[in-house]
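Notes follow once the structure below has been shown.
The values are calculated or read from the model by the stated rules, or taken from the named source; none is laboratory data. Here the structure is a predicted model, which means the values were calculated and not measured. Quick reminder, even Gly has a Cβ in these numbers, built from the backbone with ideal geometry, and neighbours come from all protein chains shown. Areas reflect the complete protein model, heavy atoms only, side chains present, ligands, DNA and RNA absent. Shrake-Rupley method; radii C 1.70, N 1.55, O 1.52, S 1.80 Å.
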Amino acid sequence: MSVDPNAATQSFPGCPPDHRRPHPARYVVPALVAAAVAVALGAYGKVHDPEGTAFNLAGFSSSGAVKSWLGTVAFAFGLVQVGSAFMVYGKLRGPSWAPALHRWSGRIAFLVAVPVAVHCLYALGYQSYSTRVMWHSFLGCFFFGAFSAKMLLLRVQRLPGWLLPVMGGLAFAVLTLLWLTSALWFFRTVGVTT
């Protein structure tokens, strides 16, 4: 059989668009990881004997001051996250580098929040001796669970357009409550000290 090289090629239909609903595992796995992270942090904080202090930085009067200032820096970068998210989603006009600002402010906020969480878990544990402390302990564990879920959802394709903004908003709302129940309380009770 001979093939005519000048003959028109047969066109094959393109792949039809994938209109199937995403598999539930795309949502269940991040939710399970979030729950596991939150429960593991809470369980560790509850069974661990608090050491009283985990770190202190030169120039600060106490570990409470270090935690409060680092928490305030994380909260400030969280505010940048919200503003840059509005730019990325087209709700505010912003520079072309708004996506990079969003990514890097989130990374910095997380990196600044980790030492605070380590100190809280190692030095203080999961406490419930007052309403403020109980909520702060719960919200701290919940925040890192919600953050884990958001990071996992970033890699999932075909997400509903509302899901990432809702997860980001949830993480920021919890971060705000954490700041209110810790750093703001510290600054109002002890004073704005270093």
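The table that follows gives values for the structure above.
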| quantity | calculated |
| --- | --- |
| Residues of segment 135-159 classified as out of contact with any helix residue (DSSP H, G or I) (no Cβ under 9 Å at 6 or more places or on another chain) and surrounded by 22 or more Cβ atoms within 10 Å (Cβ to Cβ), total | 0 |
| Single residue of segment 160-191 satisfying the filter (in a loop (DSSP other than H, G, I, E, B), open to solvent by 30 Å² or more (accessible area, probe 1.4 Å) and free of Cβ contacts under 8 Å to residues at least 12 places away in the same chain) that is nearest to Ala117 (Cα to Cα) | Trp162 |
| Phe75 vs. criteria within 30 Å of Val47 (Cα to Cα) and in a helix (DSSP H, G or I) | yes |
| Residue within segment 119-135 that is small (Gly, Ala, Ser) and free of Cβ contacts under 8 Å to residues at least 12 places away in the same chain present | yes |
